[in-house]
Amino acid sequence: MATSESASLSKAVKQQYMELPQGDKVQAMYIWIDGTGEGLRCKTRTLDSEPKTIQDLPEWNFDGSSTYQSEGSNSDMYLIPAAMFRDPFRKDPNKLVLCEVLKYNRKPAETNLRQTCKKIMEMVENQVPWFGMEQEYTILGTDGHPFGWPSNGFPGPQGPYYCGVGADKAYGRDIVEAHYRACLYAGVQICGTNAEVMPAQWEFQVGPCEGINMADHLWAARFILHRVCEDFGVVASFDPKPIPGNWNGAGCHTNFSTKEMRNEGGLRAIEDSIEKLGKRHSYHIRAYDPKGGLDNARRLTGRHETSNIHEFSAGVANRGASIRIPRSVGQEKKGYFEDRRPSANCDPYAVTEALIRTCLLSEEGDEPVEYGK
């Protein structure tokens, strides 16, 4: 399996430099989503002092013609700081800064879905929407071959790998452990991790987060995972079906609840939301991957613990349904539900916004409603 040349550079030598004092200066790494809607970019600037709030961070810019976001003749794009985390790679007082992207005319870039998501979240904040997202991913070599798989064949069939332990069952745990600790250091609301059904596939969970924080924290966790994998010389893939055939795909199951759903008798509100979701299936499928459903079509086949992309279904403890009500929720008559349709490479701003629009704002039809400013 191929690993990157960078991974073979001496980390001990690098550490000598990383231990040098940096004086009063702070390194702030600005992170943004590029024109693909799933790729991340980053660059760093020096600040004169440690920022305490997002307001302490200056706006910045970048060349959008090199990130699929603008033409070369009018390429400057603005970076607007949106969420700040501790930097687990350079350590305190340095920061990771998740940014929104604005075009030359100060309108959101096409793949900046945060602004509308934030507006929708603010409309329903009195209902206290909570989300938890389960991010599946696959560790690949730089040649695209799954980590730990035989170079000219396949590992044994699925069965022993999910939540597995042992060198023949868990492939790449060092990366998982490093990522988990880095997220905790950064202040990301990571709440768990496990090995997944396909060997070299893993999952981490982020949440519960309220409103816009869900997507902010998931994007930060994704960036940290890419950086950890870079250090190890491998690649984290969010492709929803990285290996065709009899292997599980990768999703980003999204758990959702409101204050009403979490209170006594909340099952009624859960069932009401599921009924609304059933009438708007195609809208959600389009919102649940960056290619409008084309990526997810490879995964949502009705096999390998998925529902069929063309049909809406719901059930208690049913992992083959579009919407799963956990067994404990069915028994306690309150809690949350799980939307199993979002793909691993979904934009969490789009997913969480779509759920609010349908379940809480009671929108109908194939297009989102435009609300006044």
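The values are calculated or read from the model by the stated rules, or taken from the named source; none is laboratory data. This one's a predicted model, so the numbers in the text were calculated from it and none came from an experiment. Here the Cβ is made from the backbone with ideal geometry for all residues, glycine too, and neighbour counts use every protein chain on show. Side chains are part of the model used for accessible areas, which takes the heavy atoms of the whole protein and leaves out ligands, DNA and RNA. Shrake-Rupley method; radii C 1.70, N 1.55, O 1.52, S 1.80 Å.
Between T358, T258, T44, the Gaussian network model of the chain with springs among Cα atoms under 10 angstrom shows the greatest mean-square fluctuation at T44. Over the chain, the hull volume per residue, using the convex hull of the C-alpha atoms, is 155 Å³.
Counting protein heavy atoms only, the range 1-125 has 49 percent of its accessible area on carbon and sulfur, 1.4 angstrom probe. A straight Cα-to-Cα reach below 16 Å connects K118 with the lysines K107, K373, residues fewer than 8 places away in its own chain not being considered. The ratio of the alpha-carbon radius of gyration of the range 251-368 to the globular-protein estimate 2.2 N^0.38 Å is 0.99.
Ordering 279-289, 327-337, 148-158 by mean Cβ neighbour count within 10 Å, with the highest value first, yields 279-289, 327-337, 148-158. Here the range 113-172 and the range 235-286 have alpha carbon centers that stand 15 Å from each other. Taking the protein heavy atoms of the range 201-341 in the context of the full set of protein chains, the accessible area attributed to carbon and sulfur is 48 percent at 1.4 Å.
If we sort 218-225, 87-94, 69-76 on the protection proxy, mean other Cβ atoms within 10 Å, highest first, what's the order? Mind dumping the intermediate values first?
Details: 218-225: 24.8, 87-94: 17.0, 69-76: 13.2.
So the order, starting with the most tightly packed, is 218-225, 87-94, 69-76.
Taking a ≥ b ≥ c as the square roots of the eigenvalues of the alpha carbon gyration tensor, the range 8-88 is oblate, as a/c is not under 1.5 and a/b does not beat b/c. Placing R0 at 51 angstrom, the Cβ-Cβ distance between A7 and K333 gives a FRET efficiency of 0.50 after rounding to 0.05. Summed over the residues of the chain and divided among them, the accessible surface reaches 46 Å² per residue at a probe radius of 1.4 Å.
Amide hydrogen proximity for A321: with H placed 1.01 Å from N in the peptide plane, no residue at 5 or more positions away or on another chain lies under 5 Å.
A crude spin-label estimate for the pair F154 and R106, with each label 7 Å from Cα along the Cβ direction, gives 5.6 nm. In this calculation the C-beta distance from Y17 to A167 is compared with R0 = 35 Å, giving a FRET efficiency of 0.55. The calculated Kirkwood hydrodynamic radius for the range 1-158 is 19.1 Å, given to one decimal from all distinct C-alpha pairs.
Other residues within the sphere of radius under 14 Å centred on the Cβ of G266, judged by their own Cβ, net out at 0 (K and R +1, D and E -1).
Between K119 and D48, the modelled labels are 3.6 nm apart [label points 7 Å from Cα along Cα→Cβ].
Pairs spanning more than 29 Å between alpha-carbon atoms, out of K11/K241; K169/K241; K52/K259; K91/K241: K11/K241; K52/K259; K91/K241.
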